[in-house]
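Peer 1: Structure below; questions to follow.
Only the coordinates and a few stated rules stand behind these numbers; no lab work does. These figures come from a predicted structure and were not determined experimentally. Cβ placement follows ideal geometry from the backbone for every residue including glycine, while neighbour counts extend to all protein chains displayed.
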Amino acid sequence: MHTTKYFEEVTQVAKAIDIAAIEKLVAELVALRDRGGRLFLLGVGGSAANCSHAVNDFRKLCGIEAYTPVDNVSELTARTNDEGWDTVFAAWLRVSKANKNDGIFVFSVGGGDVEKNVSANIVHGLKEAKSRGLTIMGVVGRDGGYTKQVGDAVVVVPVVDASRITPHTEAFQAVVWHCLVSHPDLQQMATKW
């Protein structure tokens, strides 16, 4: 039965996820907050929706100034129309005057791959971030793609079934960020429930 198998896979992912990599994210986020840096979250598709939710949690629960370009659909689509989809995140970071005090947090299934033309906007955004000295963090799937290659603290969601990489990765993005925002080193405000 699909449902039974799916939840068995969820258990496998939870048991296999790299706890040390998550703790490294905690340390990077604490350091970012301590230096007064901003957190910029990048993602497309379902991961973009996760960015919006995570921005709220990092701001409200952890006291980290956080933003995502996907929350401003007018700017995002204007840049896509006028300049092209591949450069929307890089251009947004330039206008935001992103600097070495700030950090990028990527939510992506593939992590970006220009050669395969998959999430090239994330790759260009990360190149811009690297040129500006930002810390690069993320929660990605498969082999982590470009995000894992250049990242300072990146969790790769373990693959337990190749046909369900996307649902498990996007689900565990939420699991990991909720772990982060409820971590005693990061959480400054209690949740209502």
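Peer 1: Could you give the length gained by full extension between SER131 and LYS24, i.e. 0.36 nm per residue of separation minus their alpha carbon distance, to one decimal place? Write down the numbers at each step before the final one.
Peer 2: Details: separation 107, 0.36 × 107 = 38.52 nm, distance 2.22 nm.
Taking SER131 through LYS24 to full extension adds about 36.3 nm, to one decimal.
Peer 1: Sort HIS53, HIS124, HIS2 so the one with the fewest other Cβ atoms within 10 Å of its own Cβ comes first.
Peer 2: Listing HIS53, HIS124, HIS2 from fewest to most nearby Cβ atoms yields HIS2, HIS53, HIS124.
Peer 1: Now for a different question. Between beta-carbons, use under 12 Å as the cut-off and find the net charge around ALA66, counting Lys and Arg +1, Asp and Glu -1. The partial results should precede the final answer.
Peer 2: Numbers: positive: ARG33, ARG38, ARG59, LYS60; negative: ASP57, GLU65, ASP71, ASP102.
Counting the neighbours of ALA66, the net charge comes to 0.
Peer 1: Check each of the trypsin sites (Lys or Arg not before Pro) in the range 9-89 and keep only those in coil by DSSP with at most 15 other C-beta atoms within 10 angstrom; list them in order. Can you show the working numbers first?
Peer 2: Working: sites: LYS15, LYS24, ARG33, ARG35, ARG38, ARG59, LYS60, ARG79; in loops: ARG35, ARG38.
Of the trypsin sites (Lys or Arg not before Pro), the ones in loops of the range 9-89 whose Cβ has at most 15 other Cβ atoms within 10 Å are ARG35.
Peer 1: Here's another thing I want to ask about it. What is the distance, in nm, between label points placed 7 Å from the Cα along the Cα-to-Cβ direction at LYS5 and at GLU115?
Peer 2: Going from the LYS5 label point to the GLU115 one covers 3.2 nm.
Peer 1: Go through LYS15/LYS116; LYS97/LYS148; LYS97/LYS127; LYS127/LYS148 and tell me which ones have a Cα-Cα distance over 21 Å in this structure.
Peer 2: Pairs exceeding 21 Å: LYS15/LYS116; LYS97/LYS148.
Peer 1: Between (i) 48, 40, 28; (ii) 46, 39, 38; (iii) 59, 32, 26, which matches Cα extents along the principal axes in Å calculated for the structure shown?
Peer 2: Looking at Cα extents along the principal axes in Å for this model, the match is (i).
Peer 1: Let me ask something additional. Please give me, ordered by residue number, the trypsin sites (Lys or Arg not before Pro) of the range 92-193 that lie in loop per DSSP and have at most 13 other Cβ atoms within 10 Å.
Peer 2: Numbers: sites: ARG94, LYS97, LYS100, LYS116, LYS127, LYS130, ARG132, ARG142, LYS148, ARG164, LYS192; in loops: LYS97, LYS100, LYS116, ARG132, ARG142, LYS192.
Within the range 92-193, the qualifying trypsin sites (Lys or Arg not before Pro) (loop, at most 13 other Cβ atoms within 10 Å) are LYS97, LYS100, LYS116, LYS192.
Peer 1: Per residue of the range 147-162, what does 6.51 cos²θ - 1.76 cosθ + 1.60 with θ = phi - 60° give for ³J(HN,Hα)? Whole Hz please, x for Gly and Pro, Karplus curve as stated.
Peer 2: So the J values, rounded to whole Hz, are 4, 5, 4, 9, x, 8, 8, 9, 9, 9, 5, x, 8, 10, 7, 4.
Peer 1: Rank the residues GLU28, GLU65 as a footprinting-exposure proxy: fewest other Cβ atoms within 10 Å of their Cβ go first.
Peer 2: Working: GLU28 20, GLU65 15.
Lowest to highest Cβ neighbour count: GLU65, GLU28.
Peer 1: Using the number of other C-beta atoms within 10 angstrom as an exposure proxy, rank TYR146, TYR6 with the fewest first. Before the final figure, lay out each step's value.
Peer 2: Numbers: TYR146 27, TYR6 14.
Arranged by neighbour count, lowest to highest, TYR146, TYR6 become TYR6, TYR146.
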